[in-house]
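To start, the structure under review is shown below, and the notes come after it.
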Amino acid sequence: MIPFSPPRMDQKIIDEVIDTLKSGWITTGPKVKKFEDKLTEYAGHKATLCTSSGSAGLELMLRWFGLKEGDEVIVPAYTYCATANVVVHCGAKPVFVDVKDDFNIDPEKIEQAITSKTKVIIPVDLAGFPCDYKKINQLVRKKEIISQFNPTSEEQKKLGRILVLADAAHSIGGIYKGKKTGNLTDITVYSFHAVKNLTTAEGGAVCLNLPESFDNIAIQKYLKVKSLHGQTKDAFSKTQVGGWRYDIIEPGYKFNMTDIAAAIGLVELERYDKDMLVRRKEIFDTYSKTFSKHSWAQVPVYETKEKVSSYHAYLLRIKGISEEQRDEIIQKIFEKEVAVNVHFIPLPLMTYYKSTGVDIKDYPITYDNFSREISLPVYYDLTDEEVQTVIRAVVDSVEKILMERR
Ligand SMILES: Cc1ncc(COP(=O)(O)O)c(C=O)c1O
């Protein structure tokens, strides 16, 4: 079976992890600090905080902004549950908005969904393709939108408008108008989960890029405390001479990254642009070149004049098929020993969100994208031969199902 997305765990990573294990320090310490500095340098934002996951990073920042019951947060209907679940954790309401043909949230529909309760917008760079940040950043600065904003925390008052919290779980290395994700809006969160382009097994990072009125470095220092139980010193500092005494300044969270995770991340980041992204792009290009020749295929857009994807997931759509036919095609592909996937089952189709009154009928593009979509394997170690095997499995399966329909 050709797997869907195994991590690239080679000797370099193993050596770096063993080095950490032998160093005598395995939780948050010098490697996390180094990884944070390298991420800031990489994307060009103002400061980075590493976290135990992307979800933890998103929730931490919603809590930092003072999100609470009665507030609304705009999220795309087409995303992984983490984007909306963190809003629910804070007692607030996720307000779903339909996406466009490129799978990303539709800025025009965001505008229609904004109310006086809206505190945050969470755009998701789905499959690694950056959202329309220019439009979203301009939208939250519009006079009519600002005049509706109803701040209730110190941070909300200071920002004076809706916060844009980008969910870049898929898009580290993605580019919009010459800048990398992380540096495109107020705050961005990466995920380093095992299936992501750049992994630490589990992990995430908050990229702070708040306007000049905020001291991003000071906020990063505060978030270190907030993400470790509100404890004024981390475990590493407490082991230093005379450093044992500490205080708890608030009931914070346990969202810190370990040095073992950061060790993996440091190796991944060092070679990320040089060979990880290069190989992923080659695979995307091969898929698109081949599938474009078939009239039934709708290949994804992953590079335009303004945007470059991080090539996270290759989302192929089949023209004119139903959800049931898509499922049959997937079954056939699996029978040919190729693992594929669907990114994602829209949240309005999930039991919990349905129970809150959300209806997929209100998100027609989301449903259309989902019902015809198949995500193909993309990973560093996928060989050219295997890419051809995937292509053959997809073409044969699609054509068989389409023939049966005739
Ligand atoms: C779009 C999106 N947002 C957020 C997350 C959450 O990331 P993590 O698994 O690191 O918590 C994921 C993870 O799969 C994701 O796909």
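The values are calculated or read from the model by the stated rules, or taken from the named source; none is laboratory data. These numbers were taken from a predicted model, which means no experiment stands behind them. FYI the Cβ positions are ideal-geometry reconstructions off the backbone, even for glycines, and counts take in every protein chain you see. Surface areas here come from the heavy atoms of the whole protein model, side chains and all, with no ligands, DNA or RNA. Shrake-Rupley method; radii C 1.70, N 1.55, O 1.52, S 1.80 Å.
Just in the stretch 48-94: which GluC sites (Glu not before Pro) are loop by DSSP and have at most 11 other Cβ atoms within 10 Å?
Glu69
Between Asn341 and Ile365, with labels modelled 7 Å along Cα→Cβ, what's the label distance in nm to one decimal, could you check?
Once both label points are built, they end up 2.4 nm from each other.
Tell me which residues come under 5 Å, amide H to amide H, from Thr118 once H is placed; ignore anything under 5 positions away on its chain.
Glu72
For the pair Gln331/Thr304, report the inter-label distance in nm, with labels modelled 7 Å from Cα in the Cβ direction.
Once both label points are built, they end up 3.7 nm from each other.
Taking the Cα centre of the stretch 34-127 as origin, work out the dipole magnitude from +1 charges on Lys and Arg Cβ and -1 charges on Asp and Glu Cβ, in debye rounded to 20.
380 debye
Which aspartates and glutamates does Lys177 reach when only Cα atoms under 15 Å apart count, and residues fewer than 8 places away in its own chain are ignored?
Cα-Cα hits under 15 Å: Asp125, Asp132, Glu303, Glu306.
For the chain, with only Lys/Arg (+1) and Asp/Glu (-1) charged at the beta-carbon, what is the dipole magnitude about the Cα centre, in debye rounded to 20?
I would put it at about 900 debye.
Full-extension gain between Asp247 and Ser295, please, as 0.36 nm times their residue separation minus the C-alpha to C-alpha distance.
10.8 nm
Among the listed pairs Lys33/Lys307; Lys254/Lys305; Lys134/Lys158; Lys46/Lys289, give every one whose C-alpha distance is greater than 32 Å.
Long pairs (Cα-Cα over 32 Å): Lys254/Lys305; Lys46/Lys289.
Using a ≥ b ≥ c from the Cα gyration tensor of the stretch 272-405 (square roots of the eigenvalues), is it rounded, prolate or oblate, where a/c under 1.5 gives rounded and otherwise the larger of a/b and b/c decides, a/b for prolate?
Oblate is the answer for the stretch 272-405, as a/c is 1.5 or above yet b/c matches or exceeds a/b.
What number, in percent, do you get for the relative contact order of the chain if the mean sequence gap of Cα pairs under 8 Å and at least 6 apart is divided by its residue count?
Relative contact order, the chain: 22 percent.
Placing +1 on the Cβ of each Lys and Arg and -1 on the Cβ of each Asp and Glu in the stretch 1-136, which of Gly91, Pro123, Ser23 has its Cα farthest towards the positive end of the resulting dipole?
Positive-end residue among those listed: Ser23.
Place the peptides 223-234, 178-189 in order of packing, highest mean first, counting for every residue the other Cβ atoms within 10 Å and averaging per peptide.
Result, highest mean first: 178-189, 223-234.
Shape call for the chain from the C-alpha gyration tensor, a ≥ b ≥ c root eigenvalues: rounded (a/c under 1.5), prolate (a/b greater than b/c) or oblate?
The shape class here is oblate.
How large is the accessible surface of Glu16 in square angstrom, using a 1.4 angstrom probe and rounding to the nearest 10?
Taking all protein chains as shown, Glu16 has close to 60 Å².
Output ³J(HN,Hα) for the stretch 82-95: one whole-Hz value per residue in order, computed from phi by the Karplus curve 6.51 cos²θ - 1.76 cosθ + 1.60 with θ = phi - 60°, and x for Gly and Pro.
Whole-Hz 3J(HN,Hα) from phi for the stretch 82-95: 3, 4, 9, 4, 5, 5, 4, 4, 7, x, 9, 10, x, 10.
Among the GluC sites (Glu not before Pro) within the stretch 283-339, which fall in a DSSP loop and have no more than 13 other Cβ atoms within 10 Å of their own Cβ?
Glu306, Glu337
Report, to the nearest whole %, how much of the accessible area of the chain belongs to carbon and sulfur atoms, 1.4 Å probe, protein only.
Answer for the chain: carbon and sulfur cover 54 percent of the accessible area.
What number comes out for accessible area per residue over the stretch 11-270 if the probe is 1.4 Å? Units Å², please.
Using a 1.4 Å probe on heavy atoms only, each residue of the stretch 11-270 averages 39 Å².
Would you mind calculating the relative contact order of the stretch 272-405 from Cα pairs under 8 angstrom and at least 6 residues apart, reporting the percent as a whole number?
31 percent
At a Förster radius of 60 Å, what calculated FRET efficiency corresponds to the Cβ-Cβ distance of Arg141 and Lys238, to the nearest 0.05?
0.90
Just to confirm the filter: which GluC sites (Glu not before Pro) across the stretch 191-290 are DSSP coil and have at most 14 other Cβ within 10 angstrom of their Cβ?
Glu212
Compute the accessible area per residue over the stretch 272-405, keeping the other protein chains in place, probe 1.4 Å, unit Å².
47 Å²
Nearest 500 deg cm²/dmol is fine: what mean residue ellipticity at 222 nm does the chain get from its DSSP H runs of n ≥ 4 alone, each adding -39,500 (n - 2.57), divided by its residue count?
-12000 deg cm²/dmol
Cross-link list Lys34/Lys224; Lys22/Lys238; Lys100/Lys274; Lys119/Lys142; Lys109/Lys143: which exceed 22 angstrom alpha carbon to alpha carbon?
Too far apart for the 22 Å limit: Lys100/Lys274.
Any idea how far the Cα center of the stretch 184-198 sits from the one of the stretch 292-364, in Å?
21 Å
How far is it, in nm, from the label point at Glu154 to the one at Leu21 when both lie 7 Å from their Cα along the line to the Cβ?
Label at Glu154, label at Leu21, 4.4 nm between them.
Taking R0 as 35 Å, what's the FRET efficiency between Asp101 and Lys68 from their Cβ-Cβ distance, rounded to 0.05?
Efficiency at R0 = 35 Å is approximately 0.50.
Report, to one decimal in Å, the Kirkwood hydrodynamic radius for the stretch 157-303 based on all distinct Cα pairs.
After inverting the mean inverse Cα-Cα distance, the result is 18.3 Å.
So for the chain: antiparallel DSSP bridges make up what percent, rounded to the nearest 5?
Around 65 percent of the beta bridges assigned by DSSP in the chain are antiparallel ones.
If you add up the charges near Leu228, with Lys and Arg at +1 and Asp and Glu at -1, over every other residue whose beta carbon is less than 10 angstrom from its beta carbon, what do you get?
+3
Taking amide H positions as placed in the peptide plane 1.01 Å from N, state which residues far from Gly174 in sequence (5 or more) or on other chains have amide H under 5 Å from it.
Hits under the 5 Å cutoff: Thr181, Ser310.
From the Cα gyration tensor of the stretch 233-346, with a ≥ b ≥ c the square roots of its eigenvalues, which class applies: rounded if a/c is under 1.5, or else prolate if a/b is larger than b/c, or else oblate?
Since a/c reaches 1.5 and a/b is larger than b/c, the shape of the stretch 233-346 is classed as prolate.
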